[in-house]
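What follows is calculated from the coordinates using simple rules that are stated; it is not laboratory data. Note that this is a predicted model, so its numbers are computed, not measured. Here the Cβ is made from the backbone with ideal geometry for all residues, glycine too, and neighbour counts use every protein chain on show.
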Amino acid sequence: MNAREPVVAVVGATGAVGVEIVHCLEQRKFPLSKLRLFASARSAGKTMTFRGETLTVEELTERSFDDVNLALFSAGGSTSRKFAPIAVERGAVVVDNSSAFRMDPTVPLVVPEINADAIRSHRGIIANPNCAAIISITPLWPIHRENPVRRLILSTYQSASGAGAAAMEELRESTRAYLAGQPYEPKVLPHPYAFNVFSHNTKIDPATGYNEEETKVIQETKKIFNDPNIRVSATCIRVPVLRAHCVSITFECERPITPEEVRERLSNAPGVALVDDVERNYFPMPVDASGRDEILVGRIRKDLSDPSGRSISMFVAGDQLLKGAALNAVQIAELL
Ligand code: A2P
């Protein structure tokens, strides 16, 4: 290891996203002189493997960042709100996966394929966007750049991983209980998860009728595209899938657009792969997206409800833990 390379900390290393951040750092050969792993006191002393070495998880405290140059946070909003400013004060740059700072106008909100340049203005913290937002808008950017998207309607099919490792376990356990005909009391999510579908488990804003997840997708799209005028509506739904989100997307552009043009623009777009085999009826699915870096895009077709020819419907699937979270955070760190 090279001593001039940064000391990197992963905060929330034992969580669903934290584990994937450690994998991404290893797989992408991220240059670092030392990796430190932090979680709550519950996990202190646990071990994880990185590049063949066994590393011990430490309890996160105010002293944790004394020698850290780069900190990747994925331990929830309250941990970020408390500890990210401390890390910055100690001289570290923070890439934060929580929603704590995303809408702060002084904090860049970055998807490297879209707005890598925004990183330049950072003052210590760079925010990683909401997973449903990243997965929805990464494939829209190559279209938006050429023929601006004026209106966007999204319906998500979100997996358990977005609610953390405990929610993934709840999906496994409740499915086993359901199949065995045994009762199961949900502990993490508000509704039975096995063989069920429900509205996203975040609070509804009584003023708008939109839940927090939907509001994040709407606001973050405008910030990342740097386009306050784009009209966005979202319906966010939790489905019993372990780790990849799907989104049904309908968008209206400024000028007419054809499915062939969309396919053409997406065929070489970074971070995107076309899975659009009409003959075999083979389209993006969570089982194919899981473990893949790219967002899969298919069902690309004219929106028949818009006779002006400016609207397209499509369906995407992306690994929530990778491009939706850990991979995007590590890509931001690479840009730094
Ligand atoms: P721990 O495993 O010790 O609870 P997930 O999103 O999968 O639920 O993971 C959340 C991550 O954030 C875990 O690594 C968890 O650690 C960590 N975490 C939760 N609360 C705190 C806290 N107060 N201080 C540090 N890490 C925390």
For the chain, with a Gaussian network of springs between Cα atoms less than 10 Å apart, report the residue from Ser305, Ser313, Ser78 with the top mean-square fluctuation. Ser305
Estimated 222 nm signal from helices in the chain, with DSSP H stretches of n ≥ 4 weighted -39500 (n - 2.57), rounded to 500: -8000 deg cm²/dmol
For the range 4-42, which trypsin sites (Lys or Arg not before Pro) are in a loop by DSSP, counting at most 15 other Cβ atoms within 10 Å? Arg4, Arg28, Lys29
How do Tyr210, Tyr193 rank when sorted from fewest to most other Cβ atoms within 10 Å of their own Cβ? Tyr210, Tyr193
Could you tell me what percent of the DSSP beta bridges with both partners in the chain are antiparallel, to the nearest 5? 50 percent
How high is the FRET efficiency between Arg299 and Arg51 when r is their beta carbon distance and R₀ equals 45 Å, given to the nearest 0.05? 0.65
How high is the relative contact order of the range 134-320, in percent, counting Cα pairs under 8 Å that sit 6 or more residues apart? 29 percent
Ranked on Cβ counts within 10 Å of their own Cβ, fewest leading, Val149, Val11, Val278 go Val278, Val149, Val11
Quick one: compute the contact order of the chain, relative version, from alpha carbon pairs under 8 angstrom and 6+ residues apart, as a percent. 18 percent
Report for the range 134-320 the percent antiparallel among DSSP-assigned beta bridges with both residues inside it, nearest 5. 75 percent
Fewest to most neighbouring Cβ within 10 Å: what's the order for Glu214, Glu113, Glu62? Glu62, Glu113, Glu214
Compute a Gaussian network model of the chain, connecting alpha carbons closer than 10 Å, and tell me which residue from Glu169, Glu20, Glu220 fluctuates the most. Glu169
Of the listed pairs Lys82/Lys222; Lys34/Lys223; Lys203/Lys223; Lys187/Lys216, which have alpha-carbon separations greater than 31 Å here? Lys34/Lys223
Fluctuation leader among Asn196, Asn97, Asn211 - the chain, Gaussian network, Cα springs under 10 angstrom: Asn196
For the range 151-202, state which trypsin sites (Lys or Arg not before Pro) are in a DSSP loop and have at most 11 other beta carbons lying within 10 Å of their beta carbon. Lys187
